Every structure is written in structure tokens, then in C-alpha cells.
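Below is one structure, written out as C-alpha cells, with a few remarks after it.
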Amino acid sequence: MKKAVKMTLREKKMFIVFTLIYTILIFLTSFFIQVATSPTGGGGETTTFFIIIFFGTSLVLSLLYAWIIVARNRRIFATLKCIGWTNGNINTLVSGIIFYTTFMGFFIVIEVLFHYAAIIAYLNSANILVGIPAILISLVPVAITFLIFLVVQLAAIILANRKVLKVRPMLALKRVGE
């Protein structure tokens, strides 16, 4: 896992972009699950529609992320195979990269929700939010969303693992200019 984190942090731009996208998707999906399961009545079909769209989007983005990881690192993976790494080692590395990005998105959502709850509690205690309803997201919808996102990441890992199997060590031995 340590090598996966180091490799992820080497490509900062891609990591930041996908972490922010996962953060937004986890937050919005959790919000709509909270609205759908609220005792005051959910949004009905609209919230269900948004939840399905967000999960579909996460699936597409996860597959895209896995494809980008393998495509951008083909020569690195070929070199690793030349020095004795097995497909299993490389698959573990790719799986770690994908899971690390997802975990970081989840932790950012948790952190933002804790700060948001603290701010709302402070504003209510100072009587600043008189008459303004504040929507708080509980941790249960966030945990449910995160678990579903992890299942979605498994599809991305399967795609990445299939692509890693196709990387040949000969690719590392070709000239760089080709």
C-alpha cells in the first residue's frame, strides 16, 4: 500500500482531480439519500433519479480512472515486469492507487461534514440561525454511499487488472522515441 500511495502522489494533478470528483459524488449521493430517507418525506422520484445518476457517474469515472492509470503507466509496469514483478504485484499496486483515491474522497467528506455540523451548532447556540432550517447529513448515508462506491471501485479494479495482464515486458525494452 505504501508504494501505491507514493505512486499516486507522483501524479498529483490526476489524484487531486479524481479525489475532488469522488468527494463531490459521495457528498451529493449522501445528501440525496438523507433527503430520501428523512422523516419529513423525501423528494420521491427526483431523489431516486439523482441517486441513480450519481452512482452511474461514479461507475463511469471509476472505469475511466482505472483505464487512465494503466494507460499512463504502461511503460512503468513493463519495466517492473522486467525486473521480476508479477502481475499480482502490479495488480495490488493499481488496486491500492484506486482505493487510496476513494478513501481520500471519503475522508474529505467526513471532515467537511464534521466542520459543517460544528458551524451549524455554533450559529444555533449564538442565535444567528433563527428560523433558518439547517440540513445536516448523518453518517449512516455517508457510510452506505461509501460502501457502494467501494463496490463500484471493484469493477474498475477488474478492468485495470485485465489491462495490466496485457502489458508485455518487451514494451520496456523498446526505444523511447517509438
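Values computed for the structure shown
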read-out	value
Phe54 being outside any loop (DSSP other than H, G, I, E, B), aromatic (Phe, Trp, Tyr) and in contact with a Phe, Trp or Tyr (Cβ under 9 Å, 6 or more places away or on another chain)	yes
Unmet criterion (only one of (1) at pLDDT 90 or above; (2) β-branched (Val, Ile, Thr); (3) farther than 20 Å from Arg74 by Cα) for Ile135	(1)
Residue list for region 110-134, filter: under 30 Å from Phe99 (Cβ atoms) and among the β-branched types (Val, Ile, Thr)	Ile110, Val112
Number of the condition not met by Ser125 [criteria: (1) modelled with pLDDT of 90 or more; (2) of a type outside the set (Phe, Trp, Tyr); (3) out of contact with any helix residue (DSSP H, G or I) (no Cβ under 7 Å at 6 or more places or on another chain)]	(1)
Elements of type helices (runs of 4 or more DSSP H) contained in region 82-178, each with 1 or more residues being polar (S, T, N, Q), surrounded by 11 or more Cβ atoms within 10 Å (Cβ to Cβ) and more than 23 Å from the chain's Cα centre (by Cα)	87-125
Residue in region 1-49 that is nearest to Ile98 (Cα to Cα), counting only those that are in a loop (DSSP other than H, G, I, E, B) and of a type outside the set (S, T, N, Q)	Met1
Scan of region 50-77 for residues that are within 21 Å of Ser138 (Cα to Cα) and exposed (fewer than 13 other Cβ atoms within 10 Å of the Cβ), ordered by number	Ile52
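The values are calculated or read from the model by the stated rules, or taken from the named source; none is laboratory data. Here the structure is a predicted model, which is why all the values come from computation and not from measurement. Note: ideal-geometry Cβ built from the backbone for every residue, glycine included; neighbour counts use all protein chains shown.
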